[in-house]
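Comments concern the structure below.
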Amino acid sequence: MIAKKTAHVAAGIGAGALLFAAAALPVHADPAGGAFGTLVGLGSDTTQDVLNGIASAIPGNLVASYDATGSGTVVTRAGGTAIPRANGSGAGVNLLRVAIGQTGSASVSTFSSGTVSVETAAVAGQIDFARSSSGAGSNVVAGGVLTYVPFAVDAVTYAVSPTSVLPKDLTKDQLISIYKGAIDRVAYKTGEASQLLDKTDSVPAGYTSVGITTYIPQAGSGTRSYWLGQVDISEAQISNNTFPNLKATDLGGAPVQEHKGAALVTGNAEQQKATIVPFSIAQWISQANGKVTDHRANAQLGGVTVAGTLQTPTIGSGTSYALNPNFKAYNRTVYNIVPSKYADDPNSVIRATFVGSNSAVCQQTAVIQSFGFGTTTDCGDTTIRAYAPSEATIAATIPASAQVGKASTLSAKVTSFGNGGGTLTFKNGSTVLASTTIAKGQDTASAQWTPAASGGMDITTEFVPNLAGVGAAVSPASPITVSAASVPAPAATSIALTVSKAPTAGKTVTVTASITKPSVAGTVTFFDGAKALGNPVTVAASAKTASTTFKASKLSYSIRAVFTPATSAAIASNAATTVKVAKAKAAVKVGKVKAGKRSATVAVTVKVSGVKAAGKITAKVGKKKVGTGTVKNGKATLKLKKLKAGKNKVTFTYGGAVLVAKASSSKSITAKK
C-alpha cells in the first residue's frame, strides 16, 4: 500500500465553492465571420487561445488562428473551400504537411467530424502554420521542410474533479504507476489522509476505496503525446492495450478533449472522486482568469512533489491566477510550425511574424503571460527542422539532335504531390538554355530553345516546386548533338537581253539586261564572247535593269550578261545572244574636175559616218571603165582616160569595205578634143 498525506476530505464538499467568476472574453474563438487573415493556423487546443490573443494584439488581420473545437470544417480564404478543423497538434501538423505537399494525403482528427482524409490538391494554400504543444520528436531531420519555432513555455500537471479524494501532492513515480495501472485505487476516510492502493493492497479498516479512472486526451493531441512521454507509455502500447486502464473516452462514452474538465465529472458521484487527466496549466489559468470560455468543470490542479518539495502549479486566486515560476516538474516548449522555405526567406511574411526575438509573435510577451504561459529565451529560433521533403520525379523529353539557328522544343513531365506547379529550367552544365513555368494543377510544360553553337551537349532538367514541402529535382542528363546551321540555297535570279534597234557599224549600240532577282545589289558585266564590253555596271538593290553601250566595230557579236549579287543570291547569266551589225552607208561625192584632152582628173570624196572609208573606187562611162582610184581617209583622185571629146556621163562606184556598203554617184564631165 502506498500512502500519501493530503488535505483531509471534507464531508459534503460543494462544487459551487470551487467556481470562479468568468470575465468578459477579449479574444474570438475564430476570426470574425467574413474576416480572413494573412497567415492561417490550426492545430493545438493548448495554444489556440494564446494565439487568438496574439492575433488580436497584432494589427492588420495578420494572424488568423482557428480553434481546435467547433464545426467540423472551416473556410480560411475568401472564396476558398472548406478544410477540416484540425483538432490537436498532430492533426494541425498533418494538415500542414499535406497542404505543402510533404505528403500527398493524411488523416486529420477533428472535434465534431471524426477523422477525415485530406489530399494536397484540396488543401494547398489554405493553411500557413500549425499550432503545436509538442516538439518534433523522431521526425527531426536535417533539411526538414517544417520548422518548429518556439514561442512560449507551458507547464502541464494533472487535474482532478472538484470532489476528488486523490492526493494533490503526487510524485512523478506515483503518476507513472497510476497511469500504468500499478496503482489502481485510492482509499479515503473523512478526516484522514487518502491512501493509494496497488493491485495487491487491502483496503484499510474504516476506509472506502474507489477505482482510479485514468484519462488521456484524444488522439493527435499534443498534450496527450507529451504526457504519455512523461509517464513512459507509447502509442503502440495503447494500440496493443498494454494498459487497459487508460481511457480516451469518458464514462459517458464521449471523447476526452484536452484542457476540458468535463470527463472528470462523468459517471456517478463515487467514480468522480478518483478521475484524473493531464491538463495544461496555462489553459487552466486562461479559463480561470476569464480570458477564454471556462471549460474546466471546476477541475482542480494537483501539485507535484520533486525531491521532497511540493511544486504547486499556480499562484494567485480568483481571476488573477498566474503560473508558479517555481513549478518545474512538467514544463514543455510550445511551437508554431511553419514551412522552412518561408522561415528562411528574409522577405517572407511568415519570417517577420514568427522568426527571431523581434518577430511580431515574440514581441507579445505580455499577452503570452496573461494566458498563463511562460516566456522562453529561444522564442523565434529556427533550429528544429522536421520531415524530409517529398520527392518529385522528372520525365524529360529532349530531342536527340538540333541545329544551330533552328528552334527546338524541350519539355518535361513532373510528378509531385498535389501538382502545385513550379519552375522548369533546362541546362547544359551550369548554362541555362531555357526555362518555363508549370502552372498549378498541371504536370507538363515545354520551352523553346534555339542553339547558337554546334557540338555535343548533356541537357539536364531542374524542377523548383511552388509547394514548400516538395523537394527540388534534377533529371538525368539527356545527350543531344547540335549540328551547324544549314547554308540556305541562294535566291533564284535570271537575266534577259535587249539590243537597240538596227545596229550599224560605226554607230553606238545599246545593250540592256533585264534582271529578275530579290532585293539585292550587285553588278552586271557584259561580254562579247569572252571579252568584257567595258567595266561592270553597278546595280542597286531596287534596280531591275542595267545597260552598256559600245561602238559597233564589226558585223557580228556574241553578247551575254552576268549578274553577280553582293549578298546571298544566285549568279545569273543568259545564253549568248548573236547581234548582227549592218554595214555603214557611204556617200560618194564628186569634187573638182580638171579636164584634159579626152581625159580628166577628178577628186572624189567617200563619206561614211563613224567609219574611215577605204577601198577602191571605179569610174565608168556606160560599161566602159575609164579610171580607178584608191580611197584613203575618205578621199581619192582618179585620172580618167579614153573619154570622148565633149560631154561624158561618168559613174563613180565605191566598192565598199568590211564595214562599209557600196555606193555610187554620177557626174557629167566634158573632155577636150
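Before moving on, here are some points about what is shown:
- R0 of 25 Å, Cβ-Cβ distance ASN326-ASN241: FRET efficiency to nearest 0.05: 0.05
- The order of THR510, THR120, going from fewest to most other C-beta atoms within 10 Å of their C-beta, is THR510, THR120.
- Residues in the range 283-316 that a label on ALA35 would reach, taking backbone N under 18 Å of a point 7 Å out along Cα→Cβ: 291-293
- Nitroxide proxy distance, nm - points 7 Å out along Cα→Cβ at LYS647 and ILE571: 7.1 nm
- Whichever lysines have a C-alpha closer than 27 Å to that of LYS413, once near sequence neighbours (fewer than 8 apart) are set aside: LYS341, LYS427, LYS440
- In this structure, the amide hydrogen of SER71, modeled 1.01 Å from its nitrogen in the peptide plane, lies closer than 5 angstrom to no residue at least 5 positions away or on a different chain.
- The range 136-144 - phi-based ³J(HN,Hα) in whole Hz, Karplus 6.51/-1.76/1.60, Gly and Pro as x: 6, x, 6, 7, 4, 8, 4, x, x
- Inter-label distance, SER446 to ALA496: 4.7 nm, where each label sits 7 Å from its Cα along the C-beta direction.
- Using C-alpha pairs under 8 Å with a sequence gap of at least 6, the mean separation divided by the residue count of the range 175-299 gives a relative contact order of 25 percent.
- Other residues lying with their Cβ under 14 Å from the Cβ of ILE515 contribute a combined charge of +3, Lys and Arg counting +1, Asp and Glu -1.
- Taken about its Cα centre, the chain carries a charge dipole of about 15980 debye when Lys and Arg each add +1 at the Cβ and Asp and Glu each add -1 at the Cβ.
- Summarising the amide proton neighbourhood of THR545: residues at separation of 5 or more, or on other chains, whose placed amide H is nearer than 5 Å comprise ILE515.
- LEU166, LEU42, LEU640, LEU62 arranged by Cβ crowding within 10 Å, fewest neighbours leading: LEU62, LEU166, LEU640, LEU42
- Along the axis of the charge dipole computed for the chain (Cβ charges of +1 for Lys and Arg, -1 for Asp and Glu, origin at the Cα centre), the listed residues GLN271, VAL367, GLY211 are led at the positive end by VAL367.
- Among THR577, VAL562, THR651 - extreme Cα towards positive end, dipole of the chain, charges at beta-carbon: THR651
- The alpha-carbon of LYS180 sits under 20 angstrom from the alpha-carbons of these aspartates and glutamates, leaving out residues fewer than 8 places away in its chain: ASP169, ASP198, ASP201, ASP232, GLU235, ASP250, GLU258.
- Each label was represented as a point 7 Å from its Cα along the Cα-to-Cβ direction; for THR628 and LYS199 these points are 16.3 nm apart.
- Relative contact order (%) - the range 586-671, alpha-carbon pairs under 8 angstrom, separation at least six: 33 percent
- Charge context of ALA492, other residues only, Cβ under 15 angstrom, K/R +1, D/E -1: +2
- Neighbour net charge for SER435 - beta-carbon separation under 15 angstrom, K R +1, D E -1: 0
- Between the alpha-carbon centres of the range 123-161 and the range 59-75 there is a gap of 17 Å.
- Anchor LYS199: aspartates and glutamates whose Cα lies under 14 Å away (excluding residues fewer than 8 positions away in-chain): ASP184
- In the structure shown, the pairs LYS597/LYS632; LYS592/LYS635; LYS592/LYS623; LYS273/LYS328 are assessed against 19 Å; a Cα-Cα span above that value is assigned to LYS597/LYS632; LYS592/LYS623; LYS273/LYS328.
- Sorted fewest first by neighbouring Cβ atoms within 10 angstrom, ILE58, ILE495 come out as ILE58, ILE495.
- Counting only Cα atoms, the size of the range 154-329 along its three principal axes is 44, 40, 34 Å, in decreasing order.
- Label of the coordinate-derived value, Rg/Rh (Cα atoms, Kirkwood Rh), listed as (1) 1.20; (2) 0.96; (3) 1.66: (3)
Bear in mind these aren't lab numbers, they're just calculated from the coordinates by the rules spelled out. Not measured: the values here are computed from a predicted model. Cβ sites come from the backbone with ideal geometry, for glycine too, and all protein chains shown count toward neighbours.
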